[in-house]
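These notes are about the structure you will find just below.
The values are calculated or read from the model by the stated rules, or taken from the named source; none is laboratory data. As the structure is a computational prediction, the values presented were derived from the model and not from experiment. Positions of Cβ are backbone-derived with ideal geometry, glycine not excepted, and every protein chain shown enters the neighbour counts.
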Amino acid sequence: MNKERDDERAAKLVIEAVLSICLSHADHTGGVDYVSVDGRHAVEVTRVTDGEKRAGRSALRWAKRAGMPEGDLQTCWLVIVPEGQSGLKTFRRDVYPAIIELEKAGETVFWRQIAALHMLEGGPLSEPYKILLEAGVESASAVPDHSHKKQEHRVIPLLNSGGSSSGSNHAVAQLAAALKRKPDNPDKLKDSGKEHRHLFVWIDDDTPLVISRPLARDAPAWSDGEYGVPTVPPQLDAVITHLWIAHEGTGRGWLWDGAAWCEINGRGAAGSR
């Protein structure tokens with residue numbers, strides 16, 4: 001018998017709260033996760049996340065526990081690195097001395113293209129630039145005038161996903177494309193034989209930003225409504241009658257009920273419908 005997972009149970013609570021139905025765990029031998037007590041609804045719960053990004057975050061957490069080399073920074077530095085970059089377990093240890101050298105030279109920013117040109121010209125910062133380039137650093141910047149004490153100054157790596165969503169409709173289109181690589185979800189719903197077939201999709205901080213951006217953060221100041229509730233029907237397998245999308249961190253979510261989109265609360269309470 002397959003054990004009910006925490007994220008499945010959380011999705012169940014959301015659906016029950018929004019639709020006022022009662023769901024029962026049904027995935028005993030590999031079928032759909034839930035069916036409704038009245039026999040009309042089937043629910044399959046899945047997740048769209050990025051394995052490389054998740055592995056990168058894990059490596060950076062490991063690196064943070066591993067300690068830092070000797071030497072004081074004068075301020076904290078934000079360092080941007082691609083989420084699929086190798087060697088992240090030793091990232092802080094590798095780049096820390098190079099950042100110290102930049103500070104000693106009075107530098108407050110690092111840009112990959114400028115650094116590469118500097119090295120070609122044999123500039124005085126070629127050695128620390130080489131270290132940062134080999135570590136995959138895309139850019140780095142000092143963060144002056146903040147509240148940390150001197151001994152707390154550190155290198156703070158940030159993973160770059162390589163792009164951002166241009167709005168909610170774009171995010172849904174990218175999610176639908178990702179779901180096409182999960183054919184077992186519609187197959188299970190089809191085999192259920194139920195009238196209403198729900199696919200509940202969790203996204204999280206490791207989901208590609210092109211998908212998660214509209215639900216992970218507030219709309220940007222320049223947005224002209226592109227980051228609200230989607231307005232275009234999702235391109236789904238025809239067997240899926242309802243699509244639920246919820247961000248595990250923020251609790252924000254949307255529901256496509258086959259006719260229209262609405263907002264939902266991804267923490268188990270009905271939102272605006």
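For a quick check of your reading: which strands (runs of 3 or more DSSP E) sit entirely within region 1-95 and have at least 3 residues that are modelled with pLDDT of 65 or more and closer than 30 Å to SER192 by Cα?
Strands (runs of 3 or more DSSP E) meeting the threshold: 23-25, 34-36, 41-47.
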Can you tell me which residue is modelled with the lowest pLDDT among those in region 139-159 that are outside any strand (DSSP E or B) and among the polar types (S, T, N, Q)? GLN151
Matching residues, region 119-141, being crowded, with 17+ Cβ neighbours inside 10 Å and either of a type in the set (Lys, Arg) or farther than 15 Å from VAL79 by Cα (or both): LEU125
Look at region 1-31 and say how many of its residues are surrounded by 17 or more Cβ atoms within 10 Å (Cβ to Cβ) and touching a Gly at 6+ places or on another chain (Cβ under 6 Å). 1
Residue identified as more than 30 Å from ASP206 (Cβ to Cβ), of a type in the set (Gly, Ala, Ser) and either in a loop (DSSP other than H, G, I, E, B) or modelled with pLDDT of 75 or more (or both) among GLY163, GLY136, GLY106: GLY106
Only one residue in GLU226, GLU195, GLU248 is over 21 Å from THR49 (Cβ atoms), in contact with a Gly (Cβ under 9 Å, 6 or more places away or on another chain) and modelled with pLDDT under 95, so which one is that? GLU226
Kindly indicate whether ALA115 is over 20 Å from ARG154 (Cα atoms) and surrounded by 20 or more Cβ atoms within 10 Å (Cβ to Cβ). yes
Scan region 32-54 residue by residue and report those that are crowded, with 17+ Cβ neighbours inside 10 Å and of a type outside the set (D, E, K, R). VAL32, TYR34, VAL35, SER36, HIS41, ALA42, VAL43, VAL45, THR46, VAL48, THR49
Is there a residue being in the same structural domain as THR231 (by TED's automatic domain parsing), under 13 Å from GLY31 (Cβ atoms), of a type in the set (A, V, I, L, M) and crowded, with 18+ Cβ neighbours inside 10 Å anywhere in region 190-206? no
